[in-house]
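**Q** I am attaching a structure below and will ask some questions about it afterwards.
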Amino acid sequence: MPDVLVVGGGPVGLAAAIEARLAGLSVTVVEAREGAIDKACGEGLMPGAVPLLARLGVEPRGFALRGVSYQDGQREANHQFVTGSGLGVRRTTLHTALHNRAVELGTDFVYAKVDSITNTADFVEAAGIRAEWMLACDGLHSTVARLAGLHRPAQGSRRRYGLRRHYRVEPWSDLIEVHWNRLGELYVTPTADGMVGVALLASKNTSFEEALAASPALAAKVSDPVTELRGAGPLRQRTTARVKDRVMLVGDASGYVDAITGEGLRLGFDQARAAVAAITSGSDYERDWARITRDFRLLTSGLAFVATTPLHAAVVPLARALPGLYGRAVEQLAR
């Protein structure tokens, strides 16, 4: 019987498995899909995520990101990171690096779908595997969160979705560009293989092509798509708690606000470390989760709200007019 059963073999699940193995725990990862898992995401690791990966022994090949640039077609507001560089990494490249490290450390893998769980005070079981603990890292629409009774339906009509496509073009900047226009926000992230990823955050049924055309300067630079359009959402997900008996929710499965600040993976890696610490030292994961995600929940909720109202047109002008405030907000989320 393994000490830890990780449900979900994406980057956060693999990071959780590595954390557990480094702590001396036996680990089995259950994932329905084999091979490198791709998904719609911005693919930009904020500066705080890079050392978290390094401590796991994972250093994926990527493109150094020096800061953030908000643009609206008329003006731009730039901020250079002061806490170190971020990294633009293809999702599949990151997944492969994490998977290889997990295998190197002796993690077991079972390829199966989890459609039921048994969660007691003494053990937890899923996919025919009984373990001491379960770390649910199965993403935005977490099956485990629902089966454990921890999912809470999101309320409100301003639900947002993400779309992403890659283009063959040499990166023209080492900043993460965020192009604000009337249809949404377009995130441009350089990667290390002569491509840039463009991710759109917008309301449901927003056309990616129309949103890109609404930022003509960007559209003129990205005319050679090389990957299919991928989507994700709705982004906002809520949970009633992060712990129930021997199940802990980690990463997007634990609740999510929006991708507008780009720190989902950093939060997931931090949560994975905290969850394993709760197993090995008895720390309070619920309390640690609240601490880790506090700034993200507050700042992201506010920015996501603004992005869905007429106030969105003021974001770039305000960021340019108040560079100190803009910079502090970026650094708070980048650390």
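The values are calculated or read from the model by the stated rules, or taken from the named source; none is laboratory data. Since the structure is predicted, the reported quantities are computational estimates derived from the model, not experimental observations. Cβ placement follows ideal geometry from the backbone for every residue including glycine, while neighbour counts extend to all protein chains displayed.
**Q** So Gly324 passes all but one of these: (1) surrounded by fewer than 15 Cβ atoms within 10 Å (Cβ to Cβ); (2) in contact with a Phe, Trp or Tyr (Cβ under 7 Å, 6 or more places away or on another chain); (3) assigned to a helix (DSSP H, G or I). Which condition number does it fail?
**A** (2)
**Q** So Val247 passes all but one of these: (1) aliphatic (A, V, I, L, M); (2) under 30 Å from Ala131 (Cβ atoms); (3) in contact with an Asp or Glu (Cβ under 9 Å, 6 or more places away or on another chain). Which condition number does it fail?
**A** (3)
**Q** Let me ask something else about it. Looking only at strands (runs of 3 or more DSSP E) that fall completely inside the stretch 1-105, which ones have 3 or more residues that are at pLDDT 95 or above and β-branched (Val, Ile, Thr)?
**A** The strands (runs of 3 or more DSSP E) meeting that bar are 4-7, 27-31.
**Q** Could you check the stretch 160-274 for strands (runs of 3 or more DSSP E) lying wholly inside it with 1 or more residues that are of a type in the set (Asp, Glu) and buried (at least 21 other Cβ atoms within 10 Å of the Cβ)?
**A** Result: 175-181, 184-190.
**Q** Of the residues Val82, Val58, Val68, Val50, only one is hydrophobic (A, V, I, L, M, F, W, C) and under 30 Å from Pro216 (Cα atoms); which?
**A** Testing whether each residue is hydrophobic (A, V, I, L, M, F, W, C) and under 30 Å from Pro216 (Cα atoms) leaves just Val68.
**Q** Still on this structure, please answer the following. Scan the stretch 121-134 and report the pairs whose first residue is within 21 Å of Ala277 (Cβ to Cβ) and in contact (Cβ under 8 Å) with a residue 60 or more places away in the chain and whose second residue is among the hydrophobic types (A, V, I, L, M, F, W, C) and surrounded by fewer than 16 Cβ atoms within 10 Å (Cβ to Cβ), with Cβ atoms within less than 9 Å and a gap of 6+ or a chain change.
**A** Hits for this filter: Phe123/Met1; Ala131/Met1; Glu132/Met1.
**Q** Of the residues Val29, Val110, only one is in contact with a helix residue (DSSP H, G or I) (Cβ under 9 Å, 6 or more places away or on another chain) and either without any contact (Cβ under 8 Å) to a residue 24 or more places away in the chain or among the aliphatic types (A, V, I, L, M) (or both); which?
**A** On inspection, the qualifying residue turns out to be Val29.
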